[in-house]
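Everything below concerns the one structure shown next.
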Amino acid sequence: MALINTTDMFKKAYAGGYAVGAFNVNNMEIIQGICEAAQETKSPLILQVSAGARKYARHAYLVKLVEAAMEDCGLDLALHLDHGDDFAICKACIDGGFSSVMIDGSKHSFEENISLTKQVVDYAHQFGVTVEGELGRLAGVEDDVNVSAEDSSYTDPAQVEEFVSRTGVDSLAIAIGTSHGAYKFKPGTKPQLRFDILAEVERRLPGFPIVLHGASSVMQEYVAKVNQFGGAMPDAIGVPEDMLRKAAGMAVCKINIDSDLRLAMTAAIREHLAEHPDHFDPRQYLTPARAAIKEVVAHKMREVLGCAGQA
């Protein structure tokens, strides 16, 4: 089993009309739950690490945990840096064994974004590492990503050809209405994704893999459990799963999911401790947490991404 980049993974996804799930990882139980779901559903898989996760778990621990998961589950998978914001962190991940990185230069001007992204691409491609760039800015808060609604912007399809051509990126994250974190749309509103933008990007970049960030659906059964057992999460509406499935049938080859994992894990832990207040062994409450991660990921692979059976 080996770490692989995303090139062949995305070619198959584009041709097959499905998307590969990119799931954020922070510790052993999350990695185990995700990989067990991929093994059970026979799905391709991307495990991704944010800058915040690297600070929390530390780079070497995460890489070794992923290597152990590959050996245990018999998987080939991609290990991806999510939202690298400068050349230094991308280089550190490339040098440290990652097979894919994202350089997010979306906060910069178009020309500065191109320059930074090309610098990462030129370095990464020497080592067979694939690079994801970003055009447009998603609103929301998640780990080190914090973009206000006022500073967010949809991707301009008129820029995508020049950006891809000049940078040499292998995939492109675009902004069509998703957002980071759990609070994407207010109750009473009708969530909408700009499929017109996605269709125009697809027309301008035929066969090129597109990425959606901020694509958790904020699964209400887990929100309800979090609130039932001591939480105070306000009502929130995530990205409807049927919209994500539609996007996966178009040019979107990678869909990022993080908040749904956090919700499921937190709900399971709170439920267990409420029912067993005398438990203090982490293994007792992390076992159902790991099972909840597996359940969510398997659901996403089968019902949302359409990637089950494609490994």
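Distance between the modelled labels on A60 and E221, one decimal in nanometres: 4.1 nm (7 Å Cα→Cβ projection).
Here the alpha carbons of segment 241-311 define both size measures, Rg and Dmax, at 15.4, 50 Å.
Accessible area per residue for the chain is 42 Å², calculated with a 1.4 Å probe on protein heavy atoms, without ligands, DNA or RNA.
Only protein atoms count toward the accessible area here, which uses a 1.4 Å probe; on the chain, the carbon and sulfur part of that area reaches 51 percent. How high is the FRET efficiency from S115 to E303, r the C-beta distance, R0 51 Å, rounded to 0.05? The pair S115/E303 has a calculated efficiency of 0.80. The equivalent ellipsoid of the chain has semi-axes of 30, 23, 18 Å, largest first, where each one is the square root of 5 times an eigenvalue of the Cα gyration tensor.
Using only side-chain charges placed at the Cβ, +1 for Lys and Arg and -1 for Asp and Glu, the dipole size of the chain relative to its Cα centre rounds to 360 debye.
Based on the inverse mean of 1/r over its pairs of different Cα atoms, what is the Kirkwood hydrodynamic radius of segment 50-125, in Å? Averaging 1/r across every pair of different Cα atoms and inverting gives 13.2 Å.
A convex hull fitted to the Cα coordinates of segment 26-81 yields 63 cubic angstrom per residue.
When the alpha carbon gyration tensor of segment 1-138 is reduced to an equivalent ellipsoid, the three semi-axes, largest first, read 25, 17, 13 Å.
R194 sits among other residues whose Cβ lies under 13 Å from its own Cβ, and their net charge, with Lys and Arg +1 and Asp and Glu -1, is -3. Ranking G17, S115, V296 by how far each Cα lies toward the positive end of the dipole of the chain (charges on Cβ) leaves G17 at the top.
The values are calculated or read from the model by the stated rules, or taken from the named source; none is laboratory data. All values derive from a computational prediction rather than experimental measurement. Glycine gets a Cβ as well: all are built from the backbone with ideal geometry, and neighbour counts include every protein chain shown. Keep in mind that these areas ignore ligands, DNA and RNA; they rest on the heavy atoms of the full protein, side chains included. Shrake-Rupley method; radii C 1.70, N 1.55, O 1.52, S 1.80 Å.
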